[in-house]
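As structure tokens, the structure follows; a few thoughts come after it.
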Amino acid sequence: MKVIEHINQSKGTLFSIEILPPLKGKGIQSIYEGIDPLMEFNPAFIDVTYHREEYIYKKRDGGYLEKISIRKRPGTVAICAAVMNKYKIDAVPHIICGGFTVEETENALIDLHFLGIDNVLAIRGDSIKTEPTFVPEPNGHHYAIDLVKQVTRMNKGKYAHDDLIEPAPTSFCIGVSGYPEKHFEAPNMTSDLKHLKSKVEAGAEYIVTQMFFDNKKYFEFVEKCRAAEINIPIIPGLKILSTKKQATVLPKLFHIDIPQELLEEVEKCKTDTEVRQAGVEWCIQQSKELIKAKVPCLHFYTMGTSESTKKVASKVF
Ligand SMILES: Cc1cc2nc3c(=O)[nH]c(=O)nc-3n(C[C@H](O)[C@H](O)[C@H](O)COP(=O)(O)OP(=O)(O)OC[C@H]3O[C@@H](n4cnc5c(N)ncnc54)[C@H](O)[C@@H]3O)c2cc1C
């Protein structure tokens, strides 16, 4: 079932989670261990992130540098198939522009379609560590909107090559990302919203937000979207703060603010166990307020661990 159907058919706020593939070499069991404790809350869908190839340089004998490609977290498509098979829950693979040519994206979408996956979250991806800005593949997509357009075209049976005989249309529900605190590259919010609106006009059916810790930012963002005539559901993305370090790392990585009140709570904590408790309490308050405001779904960035999410979900669902 499509995410948009889940939203349209639901009478209340849905629960969903986002997981990331395990580090290469680790088994799929860790994925199941992260999902099993949350099954009692009936996740409507499970997102699985995509992690592109990176390059590292290794010094070899004789002093020369060898360029080596590594993918730390492969397995997105297989995890989606395994999740659907084991839990009968809809999986939402993330598909990205970075590292893919148009044709490779097409082939990946065919794989997803054949596996019976009805949903994708179409995003650009970040630049790899060795590149200062995002560089698309030659014949790849530069922005998420180009990816949205490709999926929309395939949903109409239009593939990259127009010499196919009676090409079958795919049927993907397309989600995209949105940034209550603005995407870090956007010159201003108006510009960011203009591009978000283009993604909607190109076929996106719902938006999932970047994590935020201040609901005011989400509510203002929704207001601005509605004023800009972006009228599709906007799913809030929630992360539960779990270590003291995250109070400085998350703003750096995700270009978001930690509210002063939460920061003061975290600074009072002596151990990370105490921080986790403070993070859970904060997220419970955020979740209650969002549910009261009738948001379509609470989407938890679990990052592979279920303990804190379970504590929050048990208080609000
Ligand atoms: C819910 C969510 C899930 C994510 N999952 C993943 C994941 O699985 N894997 C991963 O690698 N990353 C993931 N990310 C991170 C994401 O890839 C980065 O935030 C990335 O920098 C932007 O992706 P986007 O799809 O929002 O980009 P875009 O929508 O392409 O926007 C990128 C920037 O370009 C601007 N822009 C857009 N279109 C145009 C245009 N036509 N002309 C000029 N400027 C334009 C926008 O304003 C924005 O500043 C996720 C982010 C979110 C919020």
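Side notes on the structure shown:
This table checks each residue for (1) closer than 22 Å to His299 by Cβ; (2) small (Gly, Ala, Ser).
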| residue | (1), (2) |
| --- | --- |
| Thr152 | no, no |
| Gly175 | yes, yes |
| Tyr179 | yes, no |
| Leu193 | yes, no |
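- Helices (runs of 4 or more DSSP H) fully within the range 220-309 counting 3 or more residues that are surrounded by fewer than 20 Cβ atoms within 10 Å (Cβ to Cβ) and within 15 Å of the ligand (Cβ to nearest atom): 246-254
- Checking Glu103 against (1) under 21 Å from the mean Cα position of the chain (by Cα); (2) under 21 Å from Met154 (Cα atoms), the condition it does not meet: (1)
- A search for C-beta distances below 8 Å between a residue of the range 261-279 that is basic (Lys, Arg) and any residue that is loosely packed, with under 11 Cβ neighbours inside 10 Å and at pLDDT 95 or above, counting only pairs 6+ apart in sequence or on different chains, returns nothing.
- Residues (more than 16 Å from the ligand (Cβ to nearest atom) and open to solvent by less than 50 Å² (accessible area, probe 1.4 Å)) located in the range 16-31: Gly27, Ser30
- Selected residue (criterion: farthest from Ile145 (Cα to Cα)) from residues of the range 184-206 that are in contact with a strand residue (DSSP E or B) (Cβ under 6 Å, 6 or more places away or on another chain) and assigned to a helix (DSSP H, G or I): Leu196
- In the range 179-215, the residue that is surrounded by the most Cβ atoms within 10 Å (Cβ to Cβ) out of those that are touching a residue at least 60 places away in the same chain (Cβ under 8 Å) and out of contact with any helix residue (DSSP H, G or I) (no Cβ under 7 Å at 6 or more places or on another chain) is Val208.
- Of all positions in the range 47-54, none carries a residue that is away from the ligand (no atom under 16 Å from the Cβ), open to solvent by less than 80 Å² (accessible area, probe 1.4 Å) and either within 16 Å of Gly304 (Cα to Cα) or free of Cβ contacts under 8 Å to residues at least 12 places away in the same chain (or both).
- Test set (1) open to solvent by 40 Å² or more (accessible area, probe 1.4 Å); (2) more than 27 Å from Ile232 (Cα to Cα) - Gly34 fails condition number: (1)
The values are calculated or read from the model by the stated rules, or taken from the named source; none is laboratory data. This one's a predicted model, so the numbers in the text were calculated from it and none came from an experiment. Virtual Cβ from ideal backbone geometry, glycine too; neighbours counted across all protein chains shown. These area figures cover heavy atoms from the full protein model, side chains too; ligands, DNA and RNA do not enter into them. Shrake-Rupley method; radii C 1.70, N 1.55, O 1.52, S 1.80 Å.
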